[in-house]
Amino acid sequence: MTATNLIHSFSHLFFPHICSGCGSDLINDGQLICLQCSESLSTTQFAAHQNNPVEKIFRGRIGITNAMGLLYFTKDSVLQNLLHEFKYRGKKEIGFYFGKMMGNALIKSNLYNNIDALIPLPLFSSKEKIRGYNQATVLCEGVSEIMNVPVLKNTIIRAIATETQTRKNRIERWQNIEGKFEVKDSKSIQNKHILLIDDVVTTGATLESCAMELLRVEGTKVSIGTLAYTST
Ligand SMILES: [Zn+2]
């Protein structure tokens, strides 16, 4: 056995050669998904343009700088499979792969070249304990590798409000269930342009309330980056 073959066999031991999207074994070394799956992902080009559909979600609601979503999300798609494996089956490598893909789209755009730090949308700590990780943090780590900016994991947290639910009106009750965001370390983001990251954006309500808290800190600017965008 040649040295190259030996290394090849070792890499098969540690990285089973099966596409994470469809299970096919037609996959190149070092790749996570096969060519067919990779071609089925539909990229938006939103990172390069202002006034894109993700930015329009937030316009008039909150003063963000830019917003993007990398891929169009559709039901029963390869992307849905991959997101499921990533979020519920512990396949962090899928998130890291997608994070790097986001990072590559962001560095090609001149709208994101003054980002100082990445912040993952916080999960409830109980949820994070069950899952073992926050999927947004994994995405941030991939983005960070490409953009070379730090990930701030403990700057803002999410906590369930504990006051009694009965006396609240509908909106307040909803806010209680969704939790409130609380900046724990405002110094770390003062006068900085933050990219707030999450996996999927639909109505944007949760990202909006998180961004609102970040914007209360002196001199901050907030942009929003999501892996997938869905209008339904
Ligand atoms: Zn595949």
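Taken over the stretch 20-56, the criterion of being modelled with pLDDT of 95 or more, over 21 Å from residue 95 (Cβ atoms) and of a type in the set (A, V, I, L, M, F, W, C) is satisfied by 48 alone. Number of residues in the stretch 31-53 that are surrounded by fewer than 22 Cβ atoms within 10 Å (Cβ to Cβ) and more than 16 Å from the ligand (Cβ to nearest atom) equals 9. For the stretch 46-87, residues that are assigned to a loop (DSSP other than H, G, I, E, B) and in contact with a helix residue (DSSP H, G or I) (Cβ under 8 Å, 6 or more places away or on another chain) total 9. Out of the residues in the stretch 106-132 that are modelled with pLDDT of 95 or more and hydroxyl-bearing (Ser, Thr, Tyr), which is surrounded by the most Cβ atoms within 10 Å (Cβ to Cβ)? Ranking the candidates gives 112 first. Here residue 86 meets each of (1) of a type in the set (Phe, Trp, Tyr); (2) buried (at least 23 other Cβ atoms within 10 Å of the Cβ); (3) in contact with a Leu (Cβ under 6 Å, 6 or more places away or on another chain) with one exception, condition (3).
Quick check, is residue 51 closer than 15 Å to residue 195 by Cβ, out of contact with any Phe, Trp or Tyr (no Cβ under 8 Å at 6 or more places or on another chain) and without any contact (Cβ under 8 Å) to a residue 24 or more places away in the chain? Criteria not met by residue 51.
Let's see how each residue does on (1) at negative phi; (2) within 16 Å of the ligand (Cβ to nearest atom); (3) under 11 Å from the mean Cα position of the chain (by Cα); (4) at pLDDT 95 or above:
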position: 71; (1), (2), (3), (4): yes, yes, no, yes
position: 88; (1), (2), (3), (4): yes, no, no, no
position: 95; (1), (2), (3), (4): yes, no, yes, yes
position: 104; (1), (2), (3), (4): yes, no, no, yes
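Residue pairs whose Cβ atoms lie under 7 Å apart, sitting 6 or more positions apart in sequence or on different chains, and linking a residue in the stretch 14-35 that is in a loop (DSSP other than H, G, I, E, B) to a partner that is modelled with pLDDT under 85 and more than 9 Å from the ligand (Cβ to nearest atom), are 25/17; 27/17; 29/11.
The values are calculated or read from the model by the stated rules, or taken from the named source; none is laboratory data. Because the structure is predicted, anything quoted here is derived from the model rather than measured. No Cβ is skipped: glycine too gets one built from the backbone with ideal geometry, and neighbour counts run over all protein chains shown.
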